[in-house]
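A short reminder: the numbers here are calculations on the coordinates, not readings from a lab. Quick caveat: nothing in here was measured; it's all calculated off a predicted structure. Every residue, glycine as well, gets a Cβ built from its backbone with ideal geometry; the counts of neighbours run over all protein chains shown.
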Amino acid sequence: MKKSRRLAPVFSLLGVFALFVACATGDPSRQPAPAGAAPAATPALADLVITGGVLLDMVADDPDPRPVKAVVIRDGRIDGIIAAGSATPVPQSASTIDAGAGYILPGFFDAHVHFRPWLPDASIWKRASNYYGITTLFDTGPCGEHCTETGQEANEWIEAYKEFMNTSAVPDGPTLYMTGRRIQGPDGTHPLGESLGNRDAIANYLDSLVALGVDGVKVESVLAADLRAVVMEEANARGLPVVGHSRDARESIDAGMKFIEHMWPVTSSIAAGDPGDKFNSPQHDHLMDLDKAPELVRSMVDNGVYLNPTMVGRYGYFADSLRDQAAVDFQSFEFGGLYSDMPERDKDGVRAWWVRAADWDAKRLALHEQGLSKVETFLKLFSEAGGKVLVATDSGEDKLVGIGLHREMKMLADAGITPYRILLGATRWPAEMTYKDESIGTIEAGKQADIVILGSNPAADIGNSQDIRYVIKRGRVLRSPDDCSVITPPVSLSCEAY
Ligand SMILES: [Zn+2]
């Protein structure tokens, strides 16, 4: 297998990996069918049944919580949903979860990460995702410094990790989707960008991405409007969504993009005065002219644009609402903590990120806070007009995957977005945006059994998104109140460490 060469460091750690798989208990999908069962008279044994609970299937645009009698899972898929009060009997099952008064939702989908595995076997990414209810990740720019330093080819690197993450016979972590290296214009300077100057070059690169098995395409800000439109046409022809940066939201929408990443394209579009070309920092958001917002909001909503503001990444280190969270990260780096085995260099990156604003003077901080306030106002307007805001974190380099998703939810709630629409931005909408909604994003019969069960209602208070009782991936329980075996060491010392 040609990939084994590229991924040698990973497979050298497979012994450790195999050990914890072997230690994990009770895989329901491994149960044999009962001997001699008569299929016509006796329904096949289910793999897993969730009894009770309130279902938030995320199918509707408004909250639609429904008590259920059971959610039935077979072969890693949702086989059926039995409504509360129904006369339909709950099938016999190899394994049962009593959801009690809990809330049953689709697993969370972080649609903007930069996968940096930290350890060759990516165990921290799996553990943090399993712990925080994230069942799907979408990488939008592979390997960064790692590939620059090692000389590994970025697209091959991420593809090998995608295979490693996704093809385990027994699910042990989130699905990883990917875009491959970003497309920039002929003058682009990103070290891992693909500099393309005409339709043929773009078509050839997209063909190579299709051959690689990508799930989307990423573009850079420096990709000019005409080439951006070509990327859109060629990507649409290949059934691939396009994500990434742009200089200007209007220009991006005109080129056919359905995705805006970060808030600077919005700020550039509705700035007071000349936007110039340096609007890629939160320090410019205070220049947003909110009188111009309604027209842009209308255009974005009418064109079905998904907005990914990356609140934590751009504003989290100076935002009041996350002021207590630096200490949470630092604690999680200590012995027994969820991220304790991260390499020191990567911990230092997170530590440095949290103190980015430490030496700012009062004027600079005030401008940033003014910018954040305008961003929040814009997001509320957009959401109330029907706009789809994604809870996608930009985690990976110096922001922690896992807990970052819940922080993003909190910052969006602080902006005034309703809890239910925040939940849509972490479940159904990212699945739609990435064209994965046939298999994930909602809880419906036939879909993959990627499920979280919370102890309290997140549609009433988004803070309840962290009240996680069970995390289920393709029908396998990866987190439960009484079994930490698949949340690998060191956190297995205690289920309640965090
Ligand atoms: Zn990013």
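Can you classify segment 337-387 as rounded, prolate or oblate using the Cα gyration tensor, where a ≥ b ≥ c are the square roots of its eigenvalues, rounded means a/c under 1.5, and otherwise it's prolate if a/b beats b/c and oblate if not?
Oblate.
Give LYS258/LYS473; LYS347/LYS399; LYS436/LYS473; LYS162/LYS258; LYS126/LYS473 a once-over and call out the pairs whose C-alpha atoms are over 20 Å from each other.
LYS258/LYS473; LYS162/LYS258
Whole Å is fine, so just give me how far the alpha carbon centre of segment 39-114 lies from that of segment 377-447.
For segment 39-114 versus segment 377-447, the Cα centre distance is 22 Å.
Sequence gap at least 6, Cα distance under 8 Å: using those rules, report the relative contact order of the chain to the nearest whole percent.
It comes to 20 percent, rounded to a whole number.
By average Cβ neighbour count within 10 Å, what is the ranking of 259-271, 416-428 from highest down? Display every interim value, and only then the final one.
Details: 259-271: 25.3, 416-428: 23.0.
Put in order of decreasing packing, that is 259-271, 416-428.
How high is the relative contact order of segment 266-343? Use alpha-carbon pairs under 8 Å, at least six apart in sequence, and give a whole percent.
Worked out over segment 266-343, it gives 19 percent.
Taking the highest mean first, how do the peptides 80-93, 51-64 order by number of other beta carbon atoms within 10 angstrom per residue?
51-64, 80-93
Expressed in whole Å with the largest first, what are the equivalent ellipsoid semi-axes of the chain derived from the C-alpha gyration tensor as the square root of 5 times each eigenvalue?
36, 26, 24
For a paramagnetic label modelled at 7 Å from the Cα of ASP437 toward its Cβ, which residues of segment 240-270 fall within the zone defined by backbone nitrogen distances under 20 Å?
Zone members listed by number: 240-244, 253, 256-261.
Relative contact order of segment 312-383: what whole-number percent is it, with Cα pairs under 8 angstrom and at least 6 residues apart?
That works out to 31 percent.
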